[in-house]
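Comments concern the structure below.
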Amino acid sequence: MKNIEEFGIRIPEILLPKKIDLASWSVIACDQYTQDLEYWKKAEKNAEGKPSTLNLILPEVYLNSPDKADRIKKIRSTMTEYLNSDVFAPAKKAMVYIERTTAFGRTRKGLVTQIDLETYEWKPFSKANIRATEATIVERIPPRMEIRKGAPLELPHIMLLVDDKEDLLVGGTGSIAKENQPLYQGQLMNNGGSITGWEISSEAQIKAVTEAVNKIAADNTDADGSTFLFAVGDGNHSLATAKAVWDEHKKELIENGATEDELKNNPVRYALIEIVNIYDSGLTFEPIHRVIFNIDNKALIETLSKKLEGTTKEVSSKDELEKSVKNSWANFGFDFIDENGNQKYVLLETKIKELAVARLQPEIDEFLKSAPASHVCKGDVCSMVKPEIDYIHGTEEVLALGTKENSLGILLPPIAKDSFFETINGRGPLPRKSFSMGEADEKRFYLECRKLF
């Protein structure tokens, strides 16, 4: 039997605050609510005057903010402040088994640990142990590297999927962990639900993890000897960023004469993640919707209808639109304000049989290449504005954005879990932003920390 490090898993040294007030300490992943500044203002109010992971991250709503550099500088200083004060308890060399009950009534199980970035690859058709499920946008890595490079602390929102029909790894380990008292327990902020975490550190617990990983690896090893152990479910660009930072740092270490042991034990080589069983009943796959700004809405809808060989019809309400899309694997919904100022809801029905987003996104990309700038007025000020696309988690937000001028909300149909690993293994990563694990409020919250640089 191989040890877990041979599969790219290593027991991390977890940092948790001495006194955990989850409602203020723990905050949702930075890549959520990218168009909803009010959400983040509310989070700031919840965390005001208290130690909080909100002070250790850069919400992506601020990614293009003119004060981004100052925000990053403040994040670094706060990390150092937390490490040098009495915020954290002594580090625990342990994994953490968690159970998260969301506001939607679903309970999802997970295992927080760290993975060796040498065993991960985001490039298409990789044979690495850990692989991307969606296309990685290379241009998105450098801005995120600015945040991670030199950061004293790491906080995870990356979630890896494991193909574990018997639920040996997460559920099996959790049944042992729950014999002890929890490390933490409480409510999360802003409709985040509740979470409980248990320590995984005893010899028996680590043995159970090791046995489970060996069994899963054996079941997911191809004839060529390659093993597809984990698929990146959430945080693909964050993990790609972590690898890019490590590759850069490793080069510097080697140039300075670092030994193999020094490279192997360098904290930057690893990334904190949460492992989730793809068959967990509490894990739902949700489509990631699109909102396109400053576009000829009718022209795009007509183009998509033609390219996807579908038919369009207007429906009477957003509820009818949402229901029609959710009840099919191949329908798309559009909501927008027409040239007369009227709210419109349009359903596109198709007969495509493959993953819907795999057909839709290339057509949107092609349309946007030649789409002209739009004449947009705000008050008395008018200008020519280029089309933009954003990716939205949750139907409510995309439908709300579709009620604003110069925007087109696009609802995508559900995503099936069946044959997920087989599909990725056979055809490589899906189009970017193909799916989301759960609704926006169910995304991972920052909680555990680890020393990085």
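The values are calculated or read from the model by the stated rules, or taken from the named source; none is laboratory data. The shown structure was predicted, so the numbers you read here are calculated from the model rather than taken from an experiment. Because the Cβ atoms are built from the backbone with ideal geometry, glycine has one as well, and the counts that use them run over all protein chains shown. Surface accessibility is based on the protein's heavy atoms, side chains included, excluding ligands, DNA and RNA. Shrake-Rupley method; radii C 1.70, N 1.55, O 1.52, S 1.80 Å.
List of remarks:
- Relative contact order for the stretch 211-309: 15 percent, from Cα pairs under 8 Å spaced at least 6 residues apart, divided by residue count.
- Cβ-derived FRET efficiency at R0 45 Å, Ala103 paired with Asp296, nearest 0.05: 0.75
- Surface accessible to a 1.4 Å probe, per residue, for the residues of the stretch 95-218, Å²: 38
- Taking label positions 7 Å along the Cα-Cβ direction at both Glu5 and Ser201, the computed distance is 1.9 nm, reported to one decimal.
- Normalising the Debye intensity of the stretch 359-453 to I(0), with uniform scatterers on Cα atoms only, and taking log10 at q = 0.11, 0.12, 0.17 Å⁻¹ returns -0.54, -0.63, -1.01.
- Options Val213, Ser324, Leu183, ranked by Cα towards positive dipole end of the chain, top entry (Cβ charges): Leu183
- Dimensionless Rg ratio for the stretch 77-195, taking C-alpha atoms and the 2.2 N^0.38 Å reference: 1.28
- The share of accessible area on the chain that comes from carbon and sulfur is 47 percent, using a 1.4 angstrom probe.
- Distance between the stretch 363-390 and the stretch 43-109 - C-alpha centres, whole angstrom: 35
- Whether the stretch 189-263 is rounded, prolate or oblate, judged on the alpha carbon gyration tensor where a/c under 1.5 counts as rounded: oblate
- Cα-based radius of gyration of the stretch 406-453 once divided by 2.2 N^0.38 Å, which approximates compact folds: 1.66
- Lys326 versus Thr259: modelled label distance in nm, points set 7 Å from Cα along the beta carbon direction: 5.9
- Summary value for the stretch 19-123: 19 percent relative contact order, contacts being C-alpha pairs under 8 angstrom separated by 6+ residues.
- The string of couplings for the stretch 135-142 from the Karplus curve (6.51, -1.76, 1.60, θ = phi - 60°) is 4, 9, 8, 4, 5, 7, 6, x Hz, one whole number per residue in order, with x for Gly and Pro.
- Inter-label distance, nm, simple model (7 Å from Cα along the C-beta direction), Lys19/Val385: 4.6
- Net charge over other residues, Cβ less than 15 angstrom from the Cβ of Glu302 (K, R count +1; D, E count -1): -3
- Accessible area per residue for the stretch 385-453, computed on protein heavy atoms with a 1.4 Å probe, is 36 Å².
- Evaluating kT/(6 pi eta Rh) at 37 °C and 0.692 mPa s, with the Kirkwood radius of the chain over Cα pairs in the Stokes-Einstein relation, gives 141 µm² s⁻¹.
- Amide H contacts of Phe435 (H built 1.01 Å from N, under 5 Å, at least 5 apart or other chain): Ile288
- 1.4 Å probe accessible area per residue over the stretch 1-75, in Å²: 51
- Ellipticity at 222 nm from helices only: DSSP H runs of n ≥ 4 in the chain, each -39500 (n - 2.57), divided by the residue count, give -9500 deg cm²/dmol.
- Projected area averaged over orientations for the stretch 22-146, convex hull of C-alpha atoms, nm²: 10.4
- Taking the empirical scaling 2.2 N^0.38 Å for compact globular proteins as reference, the stretch 59-125 has a Cα radius of gyration ratio of 1.64.
- Across the chain, C-alpha contacts under 8 Å between residues 6 or more apart give a mean separation that, scaled by the residue count, equals a relative contact order of 24 percent.
- Figure legend: label point modelled 7 angstrom from the Cα of Asn180 along Cα→Cβ; residues of the stretch 15-33 with amide N under 15 Å from it are 15-16.
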